[in-house]
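These notes are about the structure you will find just below.
The values are calculated or read from the model by the stated rules, or taken from the named source; none is laboratory data. The structure displayed is predicted, hence computed values, not measured ones. Positions of Cβ are generated from backbone atoms using ideal geometry, with glycine treated the same way; all protein chains shown enter the neighbour counts. Heads up: the accessible areas ignore ligands, DNA and RNA and are worked out on the full protein's heavy atoms, side chains in. Shrake-Rupley method; radii C 1.70, N 1.55, O 1.52, S 1.80 Å.
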Amino acid sequence: MSQWSWLVDYIREQGAKLNPPTMLIGEVTASIPNFKVKVMGLELDRDELWIADSLQGRELLVGEKVAVMPLVDNQQFVVLCRVVRP
């Protein structure tokens, strides 16, 4: 490893902060009112989730897949829509 590898790592780390969050696929593990979604092995509950207004009148059933977008701080997530495979 060269003497400048720390600089390359630092530049990558700083540059990664500017990358937009990636959309994820989650699975509903509990329906509303105790809404929970499992994403990448992590179960998120109501305190960590926002739900798109278009989903408010529709019941999301346990086992359904949803598109989830993390907010910039990666502490809260927006459930955008229900998704299915064709």
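Considering only protein heavy atoms and a 1.4 Å probe, what is the carbon-and-sulfur percentage of the accessible area of the chain?
Whole-percent figure for carbon plus sulfur exposure: 57.
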- Query: Per residue of the chain, what 222 nm ellipticity follows from adding -39500 (n - 2.57) for every DSSP H run with n ≥ 4, rounded to the nearest 500?
  - Reply: -4500 deg cm²/dmol
- Query: Any idea what the relative contact order of the chain is, in percent, if you count C-alpha pairs under 8 Å spaced at least 6 apart?
  - Reply: 28
- If you plug each phi of region 44-58 into the Karplus form 6.51 cos²θ - 1.76 cosθ + 1.60 with θ = phi - 60°, what whole-Hz ³J(HN,Hα) values come out, in order, with x for Gly and Pro? 9, 10, 3, 5, 9, 10, 10, 10, 4, 4, 5, 9, 4, x, 10
- Once the other residues with Cβ under 10 Å from the Cβ of residue 84 are scored (Lys, Arg +1; Asp, Glu -1), what is the net sum? +2
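Around residue 29, what is the net charge, scoring Lys/Arg as +1 and Asp/Glu as -1 over all other residues with Cβ under 9 Å from its Cβ? Before the final figure, lay out each step's value.
Details: positive: 36, 38; negative: 27, 43.
Taking every Cβ under 9 Å from that of residue 29, the sum is 0.
Please list, by residue number, every one of the trypsin sites (Lys or Arg not before Pro) in the chain that is coil in DSSP and has at most 12 other beta-carbon atoms within 10 Å. Mind showing how you got there, number by number?
Values: sites: 12, 17, 36, 38, 46, 58, 65, 82; in loops: 17, 58.
When the trypsin sites (Lys or Arg not before Pro) of the chain are filtered for loop state and at most 12 Cβ neighbours within 10 Å, 17, 58 remain.
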- Per residue, how much accessible area does region 1-58 have with a 1.4 Å probe, in Å²? 80
- Message: If I take the Cα coordinates of the chain and project them onto the principal axes, what are the three extents in Å, biggest first?
- Response: 57, 28, 20
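Mind putting a number on the dipole of the chain about its Cα centre? Charges go on the C-beta only, +1 for Lys and Arg and -1 for Asp and Glu, and I need it in Debye to the nearest 20.
280
May I ask you to list the chymotrypsin sites (Phe, Trp or Tyr not before Pro) in the chain that are in a DSSP loop and have at most 13 other Cβ atoms within 10 Å of their Cβ?
Details: sites: 4, 6, 10, 35, 50, 77; in loops: 4, 35.
Of the chymotrypsin sites (Phe, Trp or Tyr not before Pro), the ones in loops of the chain whose Cβ has at most 13 other Cβ atoms within 10 Å are 4.
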- Mind listing the long-range amide H neighbours of residue 32? Cut-off is under 5 Å, sequence gap 5 or more, other chains count too, H placed in the peptide plane at 1.01 Å from N. 60
- Task: Using θ = phi - 60° and the Karplus relation 6.51 cos²θ - 1.76 cosθ + 1.60, list the HN-Hα couplings for region 71-84 in order, rounded to whole Hz, with x at every Gly or Pro.
- Result: 7, 3, 7, 6, 10, 10, 9, 10, 7, 8, 6, 7, 10, 9
